[in-house]
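Asks: Please find one structure pasted underneath; my questions will follow.
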Amino acid sequence: MTATNQLKVATFNLYNYLAPPDAFYDFQRIYSAEQWAKKQRWLADYLHNQQPDIIGFQEVFSIDALKQQVNDAGYAHFAVVDEPSVIDEFIYRDPVVAIASRYKIMALTEVEPDPHYAQQMGLVGEFCYSRRIIRATIDVPHIGYVDCYVVHFKSKRSLLNSVEDNSKTEEQNLLLQLKDQVAGRWASSIQRGSEAALLLIEIINRRSQTDNPVIVMGDFNNELHDGVLNHLITDSLRFTASRHSKAFTAKYALQDSWQLYQRHVVTDNEREATHYFGSSSSVFDYILLSREFDAGFQGSFYEVIDYHTYDQHLINPQFAYDDQSTDHGVVMVTLALRS
């Protein structure tokens, strides 16, 4: 366990964490016993070597297996708020998020989107997050109750699936696919951006009631500073003229932990990508923090002293060891108690 004057927080996309003989998405995708053992060993090694205190997981299918594994690694507290879908008895879909902590989870809830604001945003019907979001209130040394949110926002995959029409020509089918891709990818962006906005509204509402510090961790499936998600960084908000607006929004502002690290630690390092697709790379995995973790705030308790992306399995993989790892980098921040 890390020293009590430090707190390590990580976000980890497990990439299809499902114990055999069950299958993920279709009947052919089943880990062998050897592959599953390698996947579990890779996770165990990460936890042993990096020693995060609080960790948010994405793409969890086998909830009981993960609970047992993290418990064996010293995480006495574990929670989910949902279960994956199961079809044909053994084919799993819709993985869930989870949280593990060395410190006690005092309260747990699923984040519910505010129906009033969902309607005001023009969202038709009853809006649902693509993956249910966890809010776990954890009793952290020195700072007390901290609201930890674990998210996995909607992917960029098109929401529309093109079906070839045999009555149409090849060109007509290609035109249909093109239009479906344009509409479907934008629909995914609308879903992802709406999830982020409605989450922030819930965080603001919760902060106004409890004043608990906030940590948001997860796979955002998007660059944070892209227009789809940058409203999560609340300093982009603007009010009518008021000399109190800056101080007012500071309480509710979330900040990218990488930016806090860059601000207070002298480094020339560039931020490592957390996801690669073909020749492109992106940062999809983030940890956002409220002002209690910002050394620039006089009343803060902690400051960001390290930011680490574990990515050797992506940029220089050793197949025999890394082939059942994950397709994401694992992001971890180290927070130190301010003297």
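Asks: Of everything in the range 160-173, what is within 35 Å of the chain's Cα centre (by Cα) and open to solvent by less than 100 Å² (accessible area, probe 1.4 Å)? Give them in sequence order.
Replies: Leu160, Ser162 - these are the residues of the range 160-173 that are within 35 Å of the chain's Cα centre (by Cα) and open to solvent by less than 100 Å² (accessible area, probe 1.4 Å).
Asks: Do any residues in the range 131-159 that are free of Cβ contacts under 8 Å to residues at least 40 places away in the same chain and open to solvent by 10 Å² or more (accessible area, probe 1.4 Å) have Cβ atoms under 6 Å from those of residues that are not in a strand (DSSP E or B) and not aliphatic (A, V, I, L, M), where the two are at least six apart or on different chains, and which pairs are they?
Replies: Hits for this filter: Asp139/Tyr103; Asp139/Lys104; Ser158/Gln181; Ser158/Gly184; Ser158/Arg185; Leu159/Gly184; Leu159/Ser188.
Asks: Report, by residue number, each residue of the range 82-102 that is of a type outside the set (A, V, I, L, M, F, W, C) and surrounded by fewer than 17 Cβ atoms within 10 Å (Cβ to Cβ). Walk me through it before giving the result.
Replies: Filtering the range 82-102 down to residues of a type outside the set (A, V, I, L, M, F, W, C) leaves 82-85, 88-89, 92-95, 101-102.
Correct list: Glu83, Ser85, Asp88, Glu89, Arg93, Asp94.
Asks: Might you check whether a residue that is buried (at least 20 other Cβ atoms within 10 Å of the Cβ) and closer than 28 Å to Leu7 by Cβ occurs anywhere in the range 175-190? First the steps, then the outcome.
Replies: Taking the range 175-190 and keeping what is buried (at least 20 other Cβ atoms within 10 Å of the Cβ), we get 188.
Right, trim to closer than 28 Å to Leu7 by Cβ and you get none.
The answer is no, given that none of the residues of the range 175-190 is buried (at least 20 other Cβ atoms within 10 Å of the Cβ) and closer than 28 Å to Leu7 by Cβ.
Asks: Let me ask something else about it. Taking the range 88-120 on its own, how many of its residues are out of contact with any Ser or Thr (no Cβ under 6 Å at 6 or more places or on another chain) and more than 30 Å from Leu7 (Cα to Cα)? I'd like the intermediate steps shown before the answer.
Replies: Step one: list which residues in the range 88-120 are out of contact with any Ser or Thr (no Cβ under 6 Å at 6 or more places or on another chain), which gives 88-92, 95-105, 108-120.
From what's left, more than 30 Å from Leu7 (Cα to Cα): 88-92, 114-120.
Here the count works out to 12.
Asks: Looking at the range 103-124 only, could you name the residues that are under 17 Å from Val9 (Cα atoms) and open to solvent by 40 Å² or more (accessible area, probe 1.4 Å)?
Replies: Of everything in the range 103-124, just one residue is under 17 Å from Val9 (Cα atoms) and open to solvent by 40 Å² or more (accessible area, probe 1.4 Å), namely Lys104.
Asks: Further, regarding this structure: Only residues that are open to solvent by 60 Å² or more (accessible area, probe 1.4 Å), within 24 Å of Val111 (Cα to Cα) and not aliphatic (A, V, I, L, M): list them for the range 44-81, please. Steps first, please.
Replies: Here is the first cut: in the range 44-81, the residues open to solvent by 60 Å² or more (accessible area, probe 1.4 Å) are 48-49, 64, 67-68, 71-72, 76.
Pick out the ones that are also within 24 Å of Val111 (Cα to Cα) and you get 64, 67, 76.
Result: Asp64, Lys67.
Asks: Moving to a separate point now. How many residues does the range 1-36 hold that are surrounded by 13 or more Cβ atoms within 10 Å (Cβ to Cβ), hydrophobic (A, V, I, L, M, F, W, C) and over 22 Å from Tyr286 (Cβ atoms)?
Replies: As a first pass, look at the range 1-36 and keep what is surrounded by 13 or more Cβ atoms within 10 Å (Cβ to Cβ): 2, 5-20, 22-25, 29-31, 35-36.
This time we only want the ones that are hydrophobic (A, V, I, L, M, F, W, C), so: 7, 9-10, 12, 14, 18-19, 23-24, 30, 36.
Narrowing further to those that are over 22 Å from Tyr286 (Cβ atoms): 18-19, 23-24, 30, 36.
Within the range 1-36, residues that are surrounded by 13 or more Cβ atoms within 10 Å (Cβ to Cβ), hydrophobic (A, V, I, L, M, F, W, C) and over 22 Å from Tyr286 (Cβ atoms) number 6.
Asks: Only one of (1) over 19 Å from Arg206 (Cβ atoms); (2) in a strand (DSSP E or B) fails for Val97. Which number is that?
Replies: (1)
Asks: Inside the range 187-217, can you point out the residues that are hydroxyl-bearing (Ser, Thr, Tyr) and either farther than 14 Å from Arg131 by Cβ or not in a helix (DSSP H, G or I) (or both)? Please lay out each step first, then the result.
Replies: Within the range 187-217, the first condition is being hydroxyl-bearing (Ser, Thr, Tyr), and the residues that meet it are 188-189, 194, 208, 210.
Across the range 187-217, the qualifying residues are Ser189, Ser208, Thr210.
Asks: So, one more: Quick one: would you say Val182 is within 24 Å of Leu123 (Cβ to Cβ) and touching a Gly at 6+ places or on another chain (Cβ under 7 Å)?
Replies: On the way: within 24 Å of Leu123 (Cβ to Cβ): yes; touching a Gly at 6+ places or on another chain (Cβ under 7 Å): no.
For Val182, the condition - within 24 Å of Leu123 (Cβ to Cβ) and touching a Gly at 6+ places or on another chain (Cβ under 7 Å) - is not met.
Asks: Can you run down the residue pairs with Cβ atoms below 6 Å, 6 or more apart or on separate chains, where the first is in the range 309-330 and open to solvent by 20 Å² or more (accessible area, probe 1.4 Å) and the partner is of a type in the set (Val, Ile, Thr)?
Replies: The qualifying pairs are Tyr310/Val330.
The values are calculated or read from the model by the stated rules, or taken from the named source; none is laboratory data. Quantities reported herein were computed from a predicted structural model and do not represent experimental measurements. Here the Cβ is made from the backbone with ideal geometry for all residues, glycine too, and neighbour counts use every protein chain on show. What goes into the accessible areas is simple: the full protein's heavy atoms, side chains included, and nothing from ligands, DNA or RNA. Shrake-Rupley method; radii C 1.70, N 1.55, O 1.52, S 1.80 Å.
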